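The values are calculated or read from the model by the stated rules, or taken from the named source; none is laboratory data. These numbers were taken from a predicted model, which means no experiment stands behind them. Don't worry about glycine lacking a Cβ; one is built from the backbone with ideal geometry, like all the others, and counts go over all protein chains shown. When the accessible area is computed, the model is the full protein with side chains, heavy atoms only, and any ligands, DNA or RNA have been set aside. Shrake-Rupley method; radii C 1.70, N 1.55, O 1.52, S 1.80 Å.
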Amino acid sequence: MTGILGAAYPWVKAAHVVFVIFWMAGLFMLPRYLVYHQEAPKASSERALWVEREAKLRTIILTPSMMIVWLLGLLLAANIGLFSGEAGLGWLYAKLALVAGLTAYHGWMVGYSHKLARGVETLSGRQLRLLNEVPGVAAAIIVILVVAQPF
């Protein structure tokens, strides 16, 4: 598959997968950090440490990885004809919808971490633990879509 990327295609694809792994790691870590943050004693130095850890995770790993995933993913999608009306890409549209959902989840978790930093808690630890499952389920479906290309 050469397309617009030519010989760079396998390198762009490899980089995309690497940054997906980084992004997913961050999406698994941030909700867990939020649980620990929320369960730390109020007005403690431990809470301040969680605010710092969350900020580092967001700015060093999570958000940059997501941006690179989108950039490389759209290049790969263009390479296989997404923007030129190529047939048989239903799986890719479904994948993009799930990635858009993960992006929304990412934004929501970042927003919640900012709320927690201000001392506002609107979720329970149990709810945060359940939300931690969202990226895993989405990743499993995305892998099936990409590998099996069922439609």
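Ligands, DNA and RNA left out, the 1.4 Å accessible surface of the stretch 1-47 is 73% carbon and sulfur atoms.
When the chain is treated as a GNM, springs tying every alpha-carbon pair under 10 Å, which of ALA117, ALA87, ALA77 comes out with the largest mean-square fluctuation? With Cα springs under 10 Å in the chain, the top fluctuation among ALA117, ALA87, ALA77 is at ALA87. Against the main long axis of the alpha-carbon atoms of the chain, helix 45-56 sits at an angle near 20°.
The angle between the Cα long axis of helix 90-117 and the main principal axis of the chain comes to about 20°, on a 0 to 90 degree scale. The label point for LEU71 and the one for VAL18, both projected 7 Å from the Cα toward the Cβ, are 1.4 nm apart.
About its Cα centre, the chain has a charge dipole of approximately 300 debye under the convention of +1 per Lys or Arg Cβ and -1 per Asp or Glu Cβ, with nothing else charged.
About the Cα centre, and with charges only on the beta carbon of Lys, Arg (+1) and Asp, Glu (-1), how big is the dipole of the stretch 40-123? Nearest 20 debye, please.
Numbers: 8 positive and 5 negative charges, 57 e Å.
Charge dipole of the stretch 40-123: 280 debye, to the nearest 20.
A 1.4 Å probe run over the chain, with the rest of the protein chains in place, finds 55 Å² accessible per residue.
Between TYR36 and ARG118, what FRET efficiency follows from the Cβ-Cβ distance if R0 is 22 Å, with the result rounded to 0.05? Don't skip to the end; give the middle numbers.
Values: r = 17 Å, r/R0 = 0.79.
Rounded to the nearest 0.05, the efficiency is 0.80.
Against the chain, whose longest principal axis is taken from its Cα atoms, helix 134-148 shows a tilt of about 10°. Rank VAL137, VAL35, VAL69 by mean-square fluctuation in a GNM of the chain with C-alpha springs under 10 angstrom and give only the top-ranked residue. Result: VAL137 has the largest fluctuation of those listed. For the stretch 9-105, compute Rh as the Kirkwood radius over C-alpha pairs and then the Stokes-Einstein diffusion coefficient at 37 °C and 0.692 mPa s; write the answer in µm²/s, rounded to an integer. Translational D for this selection: 216 µm²/s. Heavy-atom surface analysis with a 1.4 Å probe gives the stretch 107-151 a carbon and sulfur content of 66 percent of its accessible area. Taking all protein chains together and rolling a 1.4 Å probe, LYS56 ends up with roughly 110 Å² accessible.
Distance from the alpha carbon centroid of the stretch 80-124 to that of the stretch 2-66 works out to 13 angstrom. In the chain, a dipole from Cβ-located charges (positive for Lys and Arg, negative for Asp and Glu) runs towards its positive end, and of ILE60, ILE21, TRP91 it is ILE60 whose Cα lies farthest in that direction.
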